[in-house]
1. Students often get this wrong, so try it: which of (i) 25, 21, 14; (ii) 35, 20, 15; (iii) 27, 19, 17 is semi-axes √(5λ) of the Cα gyration tensor in Å as calculated from the structure shown?
2. PRE reach from residue 4 (point 7 Å along Cα→Cβ): which of segment 62-100 fall under 11 Å by backbone N?
3. Please report 139, 179, 38 as a ranked list, fewest other C-beta atoms within 10 angstrom at the top and most at the bottom.
4. Hey, what did segment 47-162 get for relative contact order, percent, Cα under 8 Å, at least 6 apart?
5. If we sort 82-89, 96-103 on the protection proxy, mean other Cβ atoms within 10 Å, highest first, what's the order?
6. Name the residues of segment 57-85 whose amide N is less than 16 Å from a point 7 angstrom out from the Cα of residue 196 along the C-beta direction?
7. Could I get the Rg over Rh figure for segment 16-114? Both from C-alpha atoms, Rh via Kirkwood, rounded to two places.
8. What is the extension gain from residue 174 to residue 143, computed as 0.36 nm multiplied by their sequence separation minus the C-alpha to C-alpha distance, in nm to one decimal?
Amino acid sequence: MSGSRLGIMGGTFDPIHYGHLRAAEWAREKFGLAEVVFVPCGTPPHRPEGAVAPAEDRFRMTVLATEGNPHFSVSRREVERPGPSYSVDTVREFRQEQGEETDLYFITGVDSVLELLTWREPDNLLALCQFIAVMRPGFHPRQLKAKLGPERVKRIHLLPMGGVLVSSTEIRDRVRHGFSVRYLTPEPVRAYIEEQELYLNQPEGPAG
């Protein structure tokens, strides 16, 4: 992939849904990414133990959701790495593998980017890659500059997203209360959730 652009989409994917997929595809097209690698978080550092579905289930759902798109792939690196999953470690691995010729773009929601200073080694992370921040309705770019400062914002690109909004929190809540999640996530993912009886007894946790 020398001399190209690689997208890295990190997230808990608990579960993955159409919003994630749409953001990845739009980012790929807008920024000319040769590929988008989805990296399900193994052990989220900001979530208490047991607050998310098992990493293996989240990985399998991500594979089910992305298969069929030749520009998407899924990495097990955080699922298999022991200890908390930090994005800076993941991006550093990609940088070592891809070399300096490849431009790395980390794709995530703008709400996560606004909390970037709480991440491990945020300035090192920004030096390793650029960010694509998926915008939500009501967000104004000045919020980023106020929170992160003008120099960091230079490494962050905004990606407007329209259409129907969906969140993993909504899907978990609907499953927990016995409501349908059809048309919120790909059918293979919905079937997997049902077969594995995910989220039925999971306590309500933070949004995401």
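1. (iii)
2. Residues 71-72 qualify, since their backbone N sits under 11 Å from the label point.
3. Ranking 139, 179, 38 by Cβ neighbours within 10 Å, fewest first, gives 179, 139, 38.
4. Value for segment 47-162: 21 percent.
5. Result, highest mean Cβ count within 10 Å first: 82-89, 96-103.
6. 57-67, 74-80
7. The Rg/Rh ratio comes out at 0.94.
8. 8.0 nm
Just so you know, all these numbers are worked out from the coordinates, no wet-lab data involved. Values in this document were obtained by computation on a predicted structure and should not be read as measured data. Every residue, glycine as well, gets a Cβ built from its backbone with ideal geometry; the counts of neighbours run over all protein chains shown.
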